[in-house]
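Participant: What follows is a structure written as structure tokens; I'll ask about it next.
The values are calculated or read from the model by the stated rules, or taken from the named source; none is laboratory data. From a predicted model like this one, the values you see are computed outputs, not experimental measurements. Neighbour counts run over all protein chains shown; Cβ positions are idealised from the backbone, glycine included.
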Amino acid sequence: MCYNPEESNYHSHLKVYAFRQALNEVWHAYKTIRPDQVWRGTMVRFGMQYARHDHSITYADDTHYAGLRAGQLIILNLRLLKGLINLAVGHEIMHVNEAEKSIRISYLENSASQGSQFITLTPTADGGTLVTHKTLYKSGSWFRDRILYPGLHTKAIGEFHGNVKRMLENREESV
């Protein structure tokens, strides 16, 4: 359920992450990091991925990953209240734009939330990279949209982007 710009009742959530690595290095990391490595933290865990283009399924213990591309459906497990509540959340990669260094992710139909997430990479003056993660979302529940979603989403995407950052830093240390 992608963001529809003709509707005005979406909420906006924006976070920016700074990387010291160059734009192309960070972009390559986002496109190639395995889903079980990037969707891993105290709250978010990778469940599985289905790719529409070749009907393949990727599980957490699979070592082969061909990279991020449009048409991949990602199922995640959200652990809430220290694991007392576990929710399955589904996203689809809608666009991976090489020229603009951007990714658009949408919620799957019949999800609790509707909308899209826009991840955009831009170079900084000092040779690093800024990663902007903008989410436009709605669910029909004031409590969910205003109280629950912002904090939970901040934690989930923080784990996601933090894992990419750690992978890049670990590569630098091993060189």
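Participant: Considering only the stretch 130-155, state which residues are within 11 Å of the chain's Cα centre (by Cα) and surrounded by 17 or more Cβ atoms within 10 Å (Cβ to Cβ).
Facilitator: Scanning the stretch 130-155 gives 133, 135, 153.
Participant: Given the conditions (1) more than 22 Å from residue 69 (Cβ to Cβ); (2) touching a strand residue (DSSP E or B) at 6+ places or on another chain (Cβ under 8 Å); (3) outside any strand (DSSP E or B), and given that residue 127 satisfies all but one, which numbered condition is not satisfied?
Facilitator: Of (1) more than 22 Å from residue 69 (Cβ to Cβ); (2) touching a strand residue (DSSP E or B) at 6+ places or on another chain (Cβ under 8 Å); (3) outside any strand (DSSP E or B), only one is false for residue 127: (2).
Participant: All but one of (1) part of a loop (DSSP other than H, G, I, E, B); (2) surrounded by 15 or more Cβ atoms within 10 Å (Cβ to Cβ) hold for residue 36, so report the exception by its number.
Facilitator: Here residue 36 clears every test but (1).
Participant: Kindly indicate whether any position in the stretch 44-65 is in contact (Cβ under 8 Å) with a residue 24 or more places away in the chain, within 17 Å of residue 119 (Cα to Cα) and within 16 Å of the chain's Cα centre (by Cα).
Facilitator: No, there is no match, as no residue in the stretch 44-65 is in contact (Cβ under 8 Å) with a residue 24 or more places away in the chain, within 17 Å of residue 119 (Cα to Cα) and within 16 Å of the chain's Cα centre (by Cα).
Participant: Of 26, 44, which residue is out of contact with any Asp or Glu (no Cβ under 9 Å at 6 or more places or on another chain) and crowded, with 19+ Cβ neighbours inside 10 Å?
Facilitator: After ruling out the rest, the residue left standing is 26.
Participant: Name every residue in the stretch 105-139 that is of a type in the set (A, V, I, L, M) and touching a helix residue (DSSP H, G or I) at 6+ places or on another chain (Cβ under 8 Å), in order of residue number.
Facilitator: Within the stretch 105-139, 112, 119, 121, 131 qualify.
Participant: Which is modelled with pLDDT of 95 or more, among the acidic types (Asp, Glu) and touching a Leu at 6+ places or on another chain (Cβ under 6 Å), of 92, 98?
Facilitator: 92
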